[in-house]
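Take a look at the structure set out below.
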Amino acid sequence: MCLAIPSEIVGIRDNIGTVEVDGVRREVSLFLLEDPRVGDYVIVHAGFALHKIDARAAEESLALLREAAASLAG
């Protein structure tokens, strides 16, 4: 099973974005997005930002993922 993780774009250089989730940053391709901007929330899978989502939807998804991870941890 694969998960697509909501992430916030915190930097852009050429067609590469730096995204952040819970303080963890990584680089992803922005090639598939139209007009990406710093502050946008995106769904990331396999190193590609697939599409934009609104901040509320991103936070709801992240909260569910955190809850699931916590239940597995303990």
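Contact annotation: residue pairs with Cβ atoms under 6 Å, 6 or more positions apart or on different chains, pairing a residue in the range 30-46 that is under 20 Å from E59 (Cα atoms) and touching a residue at least 12 places away in the same chain (Cβ under 8 Å) with a partner that is open to solvent by less than 80 Å² (accessible area, probe 1.4 Å) and part of a loop (DSSP other than H, G, I, E, B), are P36/L30; I43/A4; H45/A4. Scanning the range 1-24 for residues that are surrounded by 12 or more Cβ atoms within 10 Å (Cβ to Cβ) and under 12 Å from the mean Cα position of the chain (by Cα) gives A4, I5, P6, S7, E8, I9, V10, G17, T18, V19, E20, V21.
Within the range 60-72, being without any contact (Cβ under 8 Å) to a residue 40 or more places away in the chain, of a type outside the set (S, T, N, Q) and either open to solvent by less than 90 Å² (accessible area, probe 1.4 Å) or in a loop (DSSP other than H, G, I, E, B) (or both) holds for A63, A68, A69, A70.
Of everything in the range 36-47, what is open to solvent by 30 Å² or more (accessible area, probe 1.4 Å) and either among the β-branched types (V, I, T) or at pLDDT below 95 (or both)? Give them in sequence order. Scanning the range 36-47 gives V38, H45, A46.
The values are calculated or read from the model by the stated rules, or taken from the named source; none is laboratory data. Please read these numbers as outputs of a predicted model, since none were measured by experiment. Positions of Cβ are backbone-derived with ideal geometry, glycine not excepted, and every protein chain shown enters the neighbour counts. Protein only, heavy atoms only, side chains kept; ligands, DNA and RNA dropped before computing areas. Shrake-Rupley method; radii C 1.70, N 1.55, O 1.52, S 1.80 Å.
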